[in-house]
Amino acid sequence: MVFYYLPNVGQWLSYNDILRAQANSPATYAYPSGSLVNDNGTIYLISGAAKIPFTNYAAFKGLGYSLKNVVKGGLSNYTPVKSYAITTANMAHPWSSWLWYSGTIYYSHETGLIGVPSFDIFTKNGGNLKYIIKANKYDLAVLNASPNLPVLSYNDTRLYSQPLLTSVPQPPTTTTPFCADCVNATVGPAKYVLGPMANAIDNPFFVLPSTGGMLGYTANQASYVMSGADVPGLALTGQVAIDKGTKGNFDECGSWLASAYQDVNIIRAWYHAEQSCDYATGTTNKSVAYAESYDGGKTFVKPNYPLNQILTGTGTPTEGQQTGLGDFTVVKFNGYYYAYFINYSNPQQWAYGVARSKISDGGQPGTWLKYYNGDFTEKGLGGKASPLQNISGSSVYNLSNNTLVSVGGPLSNGGLYLSFSTDGVNWTKMSKPLLYFEDQNWNRSPSAKELYAYASLIPTNGQQPLGNSFYLYYMYLNPGQDFTQRYLISRTVTLNMVSGQPAP
């Protein structure tokens, strides 16, 4: 008799129990996630509505798959994964795989390995015994990097596209907004990181874990690499991560790296771009573009340049105005890359907007849709975008409870605020600022007041989610100083929920 132990259930399930439960749980999808399908001579692994090809039998066999579980079928209605194929056994199993390790079943997800608390939850989310693969050392490294993820639940939204069964218990719906003022934020003293300087600190600072330490990125037209053993130890290296584009192209004025995520053997990144710039008159046209790194984040390339734009505005370059869209961040959330940006299409009233791309599509050009009139329907290039309400800024991150948090950016006055969202679209804003300041005067003169800008939130270990304690980074100018005297400042932030009452 073989037993599986499933954590947090308090019971043991026998192999026969599992078979009986599985027999009573017919899936509604022909090929649920984890299926192996031979379509016209090529074997594919099914991941939601996507198909991932195996390029050789050695990779197929080395990852633990069996030919006896392969079925023949047509996959014309499944989306091919253009940027990823299974080429070697020396890798973690693809996302959406069902894995087994030390008596526990896991679901492989971009945030890590998600434990399965009961076999009923396993089957109701499309699990099948023949899809379970033994975890390898690369999977275990993923598990050790994020060991405390919330366990799988019925109809779990983290699954890329799970079979929907009529017997699945549906979670209760609620329209109660997130209680932003039930969060108590404690901010530590300011610490100097960089400056004074002119040629950097012109973007929301962000970091990436690297081999043996951490990388950070600061930019001003070009983007520069910082390196260190941990986040507080980051220092400039002199390495240019990505430079401005060629004259006449959309990034001729600069390429500001804004966000990046490790995806198997490459790093996917997105950068703020500007064209037709005359900063003396306030003229520039902004957009968002895609990049990749193959050396661990030291340098980035622009695939299919100059066709690597992902988001553009609805207007055209106009003398004396900022146009387009940009000043953004990208965050992983519920199976998508969400890009939050400032929309400059209306020169009288800038607004925040959001677009998204499926993580399975890699956040590449042509896969982004903007949120407009209640849904993600408008194309990333040139489409319309509805303004988001109550969001503090376009710097957005994921908290450990799968809640998004934004921090005030170029549009906020009277201080830096935090806002929270549980669905990525509807936001609630704290009534009190995280940091107070009088205004954001970008027109620098001897009488200008201090300036806080480009705020970002950095996990203490460099990896999202943030947790309850993290770092706040921002650009700072002293009163009367101009942009040749930029400083990068960091502070610690600790969040605590005040049960039932707004924070004091």
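The values are calculated or read from the model by the stated rules, or taken from the named source; none is laboratory data. Just so you know, these numbers come straight off a predicted model, no measurement behind them. Quick reminder, even Gly has a Cβ in these numbers, built from the backbone with ideal geometry, and neighbours come from all protein chains shown. Surface areas here come from the heavy atoms of the whole protein model, side chains and all, with no ligands, DNA or RNA. Shrake-Rupley method; radii C 1.70, N 1.55, O 1.52, S 1.80 Å.
Observations, loosely collected:
- Hits in region 198-233 - residues which are part of a strand (DSSP E or B) and either within 20 Å of Cys277 (Cβ to Cβ) or open to solvent by less than 10 Å² (accessible area, probe 1.4 Å) (or both): Gly216, Tyr217, Thr218, Ala219, Asn220, Ala222, Ser223, Tyr224, Val225, Met226
- Residue list for region 352-400, restricted to those being of a type in the set (A, V, I, L, M) and either in contact (Cβ under 8 Å) with a residue 60 or more places away in the chain or part of a loop (DSSP other than H, G, I, E, B) (or both): Val354, Ile359, Leu381, Ala385, Leu388, Ile391, Val396, Leu399
- Count of residues meeting criterion [open to solvent by 20 Å² or more (accessible area, probe 1.4 Å) and not small (Gly, Ala, Ser)] in region 33-53: 8
- Residues located in region 449-465, provided they are buried (at least 18 other Cβ atoms within 10 Å of the Cβ) and either at pLDDT 90 or above or in a strand (DSSP E or B) (or both): Leu451, Tyr452, Ala453, Tyr454, Ala455, Ser456, Leu457, Ile458, Pro459
- Criterion: within 16 Å of the chain's Cα centre (by Cα) and surrounded by 21 or more Cβ atoms within 10 Å (Cβ to Cβ) - qualifying residue of Trp270, Trp256: Trp270
- Region 101-122: number of residues that are buried (at least 24 other Cβ atoms within 10 Å of the Cβ) and at pLDDT below 85: 1
- Flag if Thr314 is under 18 Å from Lys370 (Cβ atoms), hydroxyl-bearing (Ser, Thr, Tyr) and assigned to a loop (DSSP other than H, G, I, E, B): yes
Residue by residue, here is whether (1) surrounded by fewer than 19 Cβ atoms within 10 Å (Cβ to Cβ); (2) modelled with pLDDT of 95 or more; (3) not aliphatic (A, V, I, L, M) holds:
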| residue | (1), (2), (3) |
| --- | --- |
| Leu325 | no, yes, no |
| Val330 | no, yes, no |
| Asn334 | yes, no, yes |
| Ala339 | no, yes, no |
| Trp350 | yes, no, yes |
| Val354 | no, yes, no |
| Ser360 | no, no, yes |
| Gly363 | no, yes, yes |
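- All of Asn90, Asn38 fail the test of being modelled with pLDDT of 85 or more and part of a strand (DSSP E or B), apart from Asn38.
- Subset of region 414-448 (residues that are surrounded by fewer than 14 Cβ atoms within 10 Å (Cβ to Cβ) and over 27 Å from Ala260 (Cα atoms)): Gly414, Ser431, Tyr436, Glu438, Asp439, Trp442, Asn443, Ser445, Pro446, Ser447
- Residue in region 266-311 that is farthest from Glu378 (Cα to Cα), counting only those that are acidic (Asp, Glu) and in contact (Cβ under 8 Å) with a residue 12 or more places away in the chain: Asp278
- Among (1) of a type outside the set (S, T, N, Q); (2) more than 23 Å from the chain's Cα centre (by Cα); (3) open to solvent by 50 Å² or more (accessible area, probe 1.4 Å); (4) at positive phi - the single one Asp278 does not satisfy: (4)
- Consider region 234-253 and keep the residues that are charged (D, E, K, R) and open to solvent by 20 Å² or more (accessible area, probe 1.4 Å). The one that is farthest from the chain's Cα centre (by Cα) is Lys247.
- Asn390 being at pLDDT below 95, under 21 Å from the mean Cα position of the chain (by Cα) and open to solvent by 20 Å² or more (accessible area, probe 1.4 Å): yes
- Single match in Asn346, Asn304 (criterion: farther than 30 Å from Leu45 by Cα, outside any strand (DSSP E or B) and either over 23 Å from the mean Cα position of the chain (by Cα) or modelled with pLDDT of 95 or more (or both)): Asn346
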